[in-house]
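A short write-up of the structure that comes next.
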C-alpha cells in the first residue's frame with residue numbers, strides 16, 4: 001500500500017534539490033555520483049543489436065539512490081517516472097537482482113510501488129513473446145505471459161551460442177526479458193577489467209600432496225589497497241574454487257572459522273564449485289586463510305584454470321579476479337586419479353599378464369583338488 005503524500009515547503013524544496021541532481025540522457029533518468037555508460041545499440045543487417053553493459057564504478061550506489069528517487073516520484077504521483085523505471089530495468093544484472101543485496105531490495109521495492117501506482121495488474125496482462133536464435137535453426141519459441149503464470153520464470157536454453165537472438169512481443173502488459181551468456185577464459189588479460197582496479201590485492205597458491213594428489217592446500221592472502229581514503233574496507237567476500245571431486249565438510253569449515261584466529265572472518269559457505277568466505281573488513285595488511293580439501297570422488301580431465309574472486313559485498317563492481325594455473329591437476333588422467341588395481345582399462349595398475357598368472361594358478365589348484373578327489377574314490 002502506497003503512503004499518502006502531504007506537500008509542504010520543506011518537501012517541495014527537497015524534491016527540487018533531488019531533481020537538480022538527476023542525470024537525464026534521452027529515455028533514461030538516474031542518480032549517480034559519476035556519469036555512467038548507458039545501453040547502446042549496434043545496427044547490423046538493418047536491425048539494432050543491444051550491446052552488453054560492463055561493470056562501472058558506483059553501479060550499486062547509483063541503483064540504490066535511483067530506487068529511493070523512484071519511491072519519492074511514486075509517492076508524489078509524478079507523471080514522468082517511466083524514464084527512471086527504464087534505467088533501473090536495464091541496469092539489472094541477473095534474474096536475482098542488481099549488484100548487491102541492499103541495492104536490490106531498494107530497487108525491487110521501488111518497482112513494486114511503481115507497478116501498483118501504474119495499475120499493472122493481472123487483469124490487463126496477456127503477452128506473447130517470440131524468441132528466435134541462430135543456433136535454433138529457424139525454430140521459434142513462444143512464451144505466454146498471462147494472469148495465471150505472470151509470477152513464474154520461463155527459460156530457454158540456447159546450446160552452442162553464436163549469432164543473434166531476436167525477441168518480439170505482442171499483447172498487453174509488461175514483461176522482463178533477459179539474456180545471460182557465460183563463458184570461460186584461460187588468461188588474465190581476457191577477464192572483464194574491474195572499474196576500480198586499485199581496490200584489492202589477492203594472491204592465491206595451490207599445493208597438491210598425498211597419493212595421486214588427493215590432498216589440496218589453498219592459501220590466499222588479500223589486502224585493502226585504498227588505505228589513504230579509508231583505513232579499512234567494508235564487508236568483503238572471497239570466492240575460492242573447489243575442483244570437481246574435492247570437498248570440505250561443513251563441520252570442518254565451521255571449526256576453521258571458529259578457531260582460525262582471524263578476527264574479521266565471520267562466515268563461510270560452500271557453494272557449487274566454490275567456497276565463499278565473508279570478511280567484515282580488510283586492512284592494508286595481509287589477511288591470509290588456509291584451506292584444506294580432500295578428494296572424495298575420482299575425477300579426471302579437469303580444467304587447468306581456476307578462478308579466484310574478491311569483491312565488496314555491498315559494491316560488487318569493486319573487485320579483483322585472478323586465475324590459478326592448476327597444471328598438475330590438469331595433467332592427471334583417470335588411471336592416475338584412481339590408482340588402484342580395481343581401475344578398469346588401466347594397464348599400469350591392473351596389467352593383463354598379472355591377471356592371467358593368477359587365473360592359471362587358480363586352475364592348477366582346482367585341478368589338483370579334483371584329481372585328489374578322484375584318486376580317493378578309486379581307492380575306496
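The values are calculated or read from the model by the stated rules, or taken from the named source; none is laboratory data. Predicted model only: the values in this text are computed from it and were never measured. Positions of Cβ are generated from backbone atoms using ideal geometry, with glycine treated the same way; all protein chains shown enter the neighbour counts.
Structural remarks
- Residue 142 meets each of the listed conditions (1) surrounded by fewer than 12 Cβ atoms within 10 Å (Cβ to Cβ); (2) in a loop (DSSP other than H, G, I, E, B) apart from (2).
- Residue match in the stretch 95-107 (condition: modelled with pLDDT under 90, closer than 30 Å to residue 314 by Cα and loosely packed, with under 14 Cβ neighbours inside 10 Å): yes
- Condition met for residue 168 (over 28 Å from residue 302 (Cα atoms) and surrounded by 10 or more Cβ atoms within 10 Å (Cβ to Cβ)): yes
- Taking the stretch 97-136 as the range and being over 23 Å from residue 179 (Cβ atoms) and within 26 Å of the chain's Cα centre (by Cα) as the test, the residues that pass are 101, 102, 105, 106, 109, 110, 112.
- Any hit, the stretch 203-215, residues being within 26 Å of the chain's Cα centre (by Cα), over 26 Å from residue 269 (Cα atoms) and modelled with pLDDT of 85 or more: no
- Candidates are the residues of the stretch 1-30 that are at pLDDT 90 or above and part of a loop (DSSP other than H, G, I, E, B); the one that is farthest from residue 76 (Cα to Cα) is 27.
- Residue 222 vs. criteria loosely packed, with under 14 Cβ neighbours inside 10 Å and either outside any loop (DSSP other than H, G, I, E, B) or free of Cβ contacts under 8 Å to residues at least 60 places away in the same chain (or both): no
- Some residue of the stretch 244-256 being in contact (Cβ under 8 Å) with a residue 24 or more places away in the chain, more than 21 Å from the chain's Cα centre (by Cα) and surrounded by 17 or more Cβ atoms within 10 Å (Cβ to Cβ): yes
- Conditions (1) in contact (Cβ under 8 Å) with a residue 40 or more places away in the chain; (2) out of contact with any helix residue (DSSP H, G or I) (no Cβ under 6 Å at 6 or more places or on another chain): number failed by residue 298: (2)
- Residues located in the stretch 31-78, provided they are under 22 Å from residue 176 (Cα atoms) and exposed (fewer than 14 other Cβ atoms within 10 Å of the Cβ): 37, 40, 41, 42, 47, 48, 49, 50, 51, 52, 54
- Residue identified as more than 28 Å from residue 235 (Cα to Cα) and within 20 Å of the chain's Cα centre (by Cα) among 328, 295, 304: 304
- Within the stretch 77-92, no residue that is outside the structural domain of residue 106 (by TED's automatic domain parsing) and under 23 Å from residue 6 (Cα atoms) sits with its Cβ atom under 9 Å from a residue that is assigned to a loop (DSSP other than H, G, I, E, B) and at pLDDT below 95 at 6+ positions apart or across chains.
- Condition broken by residue 227, with the remaining ones in (1) at pLDDT 90 or above; (2) assigned to a loop (DSSP other than H, G, I, E, B) satisfied: (1)
- For the stretch 307-329, the condition of being in contact with a helix residue (DSSP H, G or I) (Cβ under 8 Å, 6 or more places away or on another chain), over 27 Å from residue 57 (Cα atoms), at pLDDT 90 or above and surrounded by 14 or more Cβ atoms within 10 Å (Cβ to Cβ) holds for at least one residue.
- Leading residue by the ranking (nearest to residue 222 (Cα to Cα)) among those in the stretch 265-282 that are at pLDDT below 95 and not in a strand (DSSP E or B): 273
- Matching residues, the stretch 163-212, being in contact with a strand residue (DSSP E or B) (Cβ under 8 Å, 6 or more places away or on another chain), under 30 Å from residue 287 (Cβ atoms) and not in a loop (DSSP other than H, G, I, E, B): 188, 200, 201, 202, 203, 204, 205, 206, 207, 208, 209
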